[in-house]
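Written below as structure tokens is the structure these notes are about.
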Amino acid sequence: MNTKQSTPFWFKLKNNRILLFKLIITIFHAVGVIGMSTEILRPYFQLLTPFHLLLCTGLLFMFHRSWNMYFFWFIILAFILGFGSEVMGVHTGFPFGNYAYSDVLGVKLLDTPLMIGVNWLLLVYLSGGVIYRHANNDYLAAFLGALLLVLLDFLIEPVAIKLDFWSWKDNVIPISNYLGWFGVGWIIHLIYRKLPFTKINPLSMYLLINLAIFFILLNILL
């Protein structure tokens, strides 16, 4: 008599869905590397950058498990703090330094692309989800999350400048940029940790790795 239990259909369906979206993420980033690194295609792919951010965020949130009011507060606060710090940076030089955005990242408010707020939300959610399993203390987790953001920015900055997302005064990236990323990132990460919503997302690590590889390859190819 066969007593072995078969895997429930819903579990297979869920796993297949995760694999499907992981494949979509990989294909999407691979095509992006090809497009951004090919001179004739680059202008078209630059225009697609805001849609890339929205797609990544949308795919990630499809697998978020607790849409409670605290999660909505995190979305709102992460966007406002991220976008607000960039507006302040563009107009005052604090906390990142003296820089200006081009029109590549789409619609701007106060000389700052709205997608930058989405970018902060996405990167904090990704890095926070990865750190969550490895740090029990909220302040330590916020520190590690902010540090991870700075490491990502080291990869992003050279690519963003070459693709004309933004430009720095005298074409020099100041140390204040990374200090600013750490400070703003720490605050948003702490909010992420303190608000009670489910932090585990099966796509977080995979998407973060894809983003890192995406920028590593573009640093080499551009």
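Tabulated values for the structure
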| quantity | calculated |
| --- | --- |
| Hits in segment 166-200 - residues which are of a type in the set (S, T, N, Q) and modelled with pLDDT under 95 | Asn171, Thr198 |
| Checking Asn68 against (1) more than 28 Å from Leu218 (Cα to Cα); (2) crowded, with 16+ Cβ neighbours inside 10 Å, the condition it does not meet | (2) |
| Any hit, segment 57-77, residues being in contact with a Gly (Cβ under 6 Å, 6 or more places away or on another chain) and in contact (Cβ under 8 Å) with a residue 40 or more places away in the chain | no |
| Identity of the residue in segment 173-222, among the charged types (D, E, K, R) and crowded, with 18+ Cβ neighbours inside 10 Å, that ends up farthest from Tyr101 (Cα to Cα) | Lys199 |
| Lone unmet requirement of (1) part of a helix (DSSP H, G or I); (2) at pLDDT 95 or above; (3) more than 19 Å from Leu149 (Cα to Cα) for Gly84 | (3) |
| Of the criteria (1) assigned to a loop (DSSP other than H, G, I, E, B); (2) free of Cβ contacts under 8 Å to residues at least 24 places away in the same chain; (3) not β-branched (Val, Ile, Thr), which one Lys199 fails | (2) |
| Test: Leu144 is surrounded by 15 or more Cβ atoms within 10 Å (Cβ to Cβ), in contact (Cβ under 8 Å) with a residue 24 or more places away in the chain and over 14 Å from Ser85 (Cβ atoms) | no |
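Okay, residues lined up against (1) at pLDDT 95 or above; (2) assigned to a loop (DSSP other than H, G, I, E, B); (3) touching a Gly at 6+ places or on another chain (Cβ under 9 Å); (4) within 22 Å of Arg193 (Cβ to Cβ):
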position: Val90; (1), (2), (3), (4): yes, no, no, no
position: Pro95; (1), (2), (3), (4): yes, yes, yes, yes
position: Asn119; (1), (2), (3), (4): yes, no, yes, yes
position: Tyr125; (1), (2), (3), (4): yes, no, no, yes
position: Leu152; (1), (2), (3), (4): yes, no, no, yes
position: Val159; (1), (2), (3), (4): yes, no, no, no
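The values are calculated or read from the model by the stated rules, or taken from the named source; none is laboratory data. None of these values were measured; they are calculated from a predicted model. Ideal geometry is used to build each Cβ from the backbone, glycine not excepted, and the neighbour counts take in all protein chains shown.
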